[in-house]
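Here is the structure we will look at, set down as structure tokens.
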Amino acid sequence: MTDQRPSAGHARPGYRRTLPWRVVTGVAEVLDRRIGWDKLPVPLGLATLLGLRVKLRQGNLHDTNRIPAVNVPEPAPQNGTAYLVNRTADGSYNDLDQPHMGMAGTRFGRNIPLEKIPPVSAADVLSSPNPRVVSRELLTREEFIPAETVNSFVAAWLQFMVRDWFSHGTSPTDRPWTVPLRDDDPWPERPMQIMRTPDDPTRDPHAPAGTPDTRVNVSSHWWDASQLYGSSEEEQRALRTGENGKLRLWGDDGTPFPSDPDRDPSRVPGFWLGLAMMQTLFTKEHNAICDHLHAQYPGWDDEELFQRARLVNAALLAKIHTVEWTPAVISHPTTVTALRTNWWGLAGERLHNLFGRLSDSEVISGIPVPRPTTTAFRTRSPRSSSPSTACTRWSATTGTCGPRPTTRRCGRPPSASSPVPRH
């Protein structure tokens, strides 16, 4: 299967380009450049951030899947309708019109137009000043600068999230970047060697010269807690106990991959105690959710309990990151309000809890996302006799959930054309 090189143009042609929106984005850019959104009163700062967000969506989401490709991973055929309400292991079928969007093994998008990406050689990367010189000049700290509003959990959480969102995979060791060092450089190895990012296995060897560089994400692109649940059926089976929907805990029978040391999470570069803590905490959270669901729905089997608990746990992670972790790190009053608005809209949490979505507008009611926590623990969902009909999938084309006995409008993801991590 080979795709064609994309034509020039923005990733989302026509996205909010009416005259009123052009005024909003234009005014936002002027205010941000001349004053800065962070120096404006909160309401005006929020309006400026809204305009900047629209502008970024218009021009900073570019789909690399239209570049020539071979051996592109295809979603596995699905039996029955479970994929309409459950997450797949590899991230496929999150968008029912484009099932491959964001699945493990597909390409990262780019933030600049593909036709404007210049070819880059090794000489360009290591040209003077090389990356090591730049990092020393700009990032060297002569004295410790404490982060007084947060603690080490900040780093543990972010690393935990990153392992959900993306991974380039294992770097090859046969051709590292060799970075020359200055005489006064304290780096212990000479020369410095940096492993390269793995090549794109789907890149067409016959692609035209000058075709933009591409890389793949070996994890699911979605915000789906794949760091807990894996990004393939094989990984997921190894992580599950097979009883009451639960996941294996470290210490039960060793690590989740005892027979394959290369798959042991503790051997992956960057692993540390903080990451192990988060991994263990939310594995236990999943199992606790399973216990609650099993008590409410004793007829549910292992698969049903696992899939429902995963939806709840993934939503919990997204909510913590959006309305707790990020506001703690970026604690400006405007960004705190903006992030909470991103989740609940300007209507706010209280009205959302009382009445649900008041409008299709993400400004009023937040970005439309599946919220399994709103139905999973109810004895009856609002429009059916079972929470199993809760809206958990959208179609980017129609803006609705996939077909099922009871269909509930769910909206479309913030970036329907770019496989980036989302709720």
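Numerical summary
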item: Matching residues in region 117-138 - criterion: being closer than 23 Å to Phe166 by Cβ and either polar (S, T, N, Q) or without any contact (Cβ under 8 Å) to a residue 60 or more places away in the chain (or both); result: Val125, Pro131, Ser135
item: Positions within region 340-350 being β-branched (Val, Ile, Thr) and either on the phi > 0 side of the Ramachandran plot or open to solvent by 50 Å² or more (accessible area, probe 1.4 Å) (or both), in sequence order; result: none
item: Search result, residues across region 289-339 that are under 17 Å from Leu247 (Cα atoms), surrounded by fewer than 16 Cβ atoms within 10 Å (Cβ to Cβ) and under 25 Å from the mean Cα position of the chain (by Cα); result: Glu303
item: Residue list for region 181-196, restricted to those being touching a helix residue (DSSP H, G or I) at 6+ places or on another chain (Cβ under 8 Å) and assigned to a loop (DSSP other than H, G, I, E, B); result: Leu181, Arg182, Asp185, Trp187
item: Among (1) of a type in the set (Val, Ile, Thr); (2) over 30 Å from Trp222 (Cβ atoms); (3) touching a His at 6+ places or on another chain (Cβ under 8 Å), the one test that Ile112 misses; result: (2)
item: Only listed residue being basic (Lys, Arg) and modelled with pLDDT under 95, chosen from Arg107, Arg182; result: Arg182
item: Subset of region 147-164 [surrounded by 16 or more Cβ atoms within 10 Å (Cβ to Cβ) and either in contact with a Ser or Thr (Cβ under 8 Å, 6 or more places away or on another chain) or part of a loop (DSSP other than H, G, I, E, B) (or both)]; result: Arg163, Asp164
item: Top-ranked residue of region 360-381 - restricted to ones that are more than 22 Å from Arg87 (Cβ to Cβ), open to solvent by 20 Å² or more (accessible area, probe 1.4 Å) and outside any loop (DSSP other than H, G, I, E, B), ranked as modelled with the highest pLDDT; result: Ile364
item: Count - residues of region 68-89 that are on the phi > 0 side of the Ramachandran plot and either touching a Ser or Thr at 6+ places or on another chain (Cβ under 6 Å) or open to solvent by less than 30 Å² (accessible area, probe 1.4 Å) (or both); result: 1
item: Scope region 215-250; condition open to solvent by less than 20 Å² (accessible area, probe 1.4 Å), over 27 Å from Leu114 (Cβ atoms) and either of a type in the set (Val, Ile, Thr) or assigned to a loop (DSSP other than H, G, I, E, B) (or both); matching residues; result: Ala225, Gly230, Gly245
item: Residue count, region 17-41 (criterion: open to solvent by less than 50 Å² (accessible area, probe 1.4 Å) and not in a helix (DSSP H, G or I)); result: 2
item: Residue match in region 48-60 (condition: among the hydroxyl-bearing types (Ser, Thr, Tyr), at pLDDT 95 or above and more than 19 Å from the chain's Cα centre (by Cα)); result: yes
item: Pairs with Cβ under 7 Å, 6+ apart, first in region 193-206 and of a type in the set (Ser, Thr, Tyr), second open to solvent by 80 Å² or more (accessible area, probe 1.4 Å); result: Thr202/Asn71
item: Top-ranked residue of region 99-139 - restricted to ones that are open to solvent by 70 Å² or more (accessible area, probe 1.4 Å) and part of a loop (DSSP other than H, G, I, E, B), ranked as nearest to Leu228 (Cα to Cα); result: Asn111
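The values are calculated or read from the model by the stated rules, or taken from the named source; none is laboratory data. Predicted model only: the values in this text are computed from it and were never measured. Every residue, glycine as well, gets a Cβ built from its backbone with ideal geometry; the counts of neighbours run over all protein chains shown. Heavy atoms of the whole protein, side chains included, go into the accessibility calculation; ligands, DNA and RNA do not. Shrake-Rupley method; radii C 1.70, N 1.55, O 1.52, S 1.80 Å.
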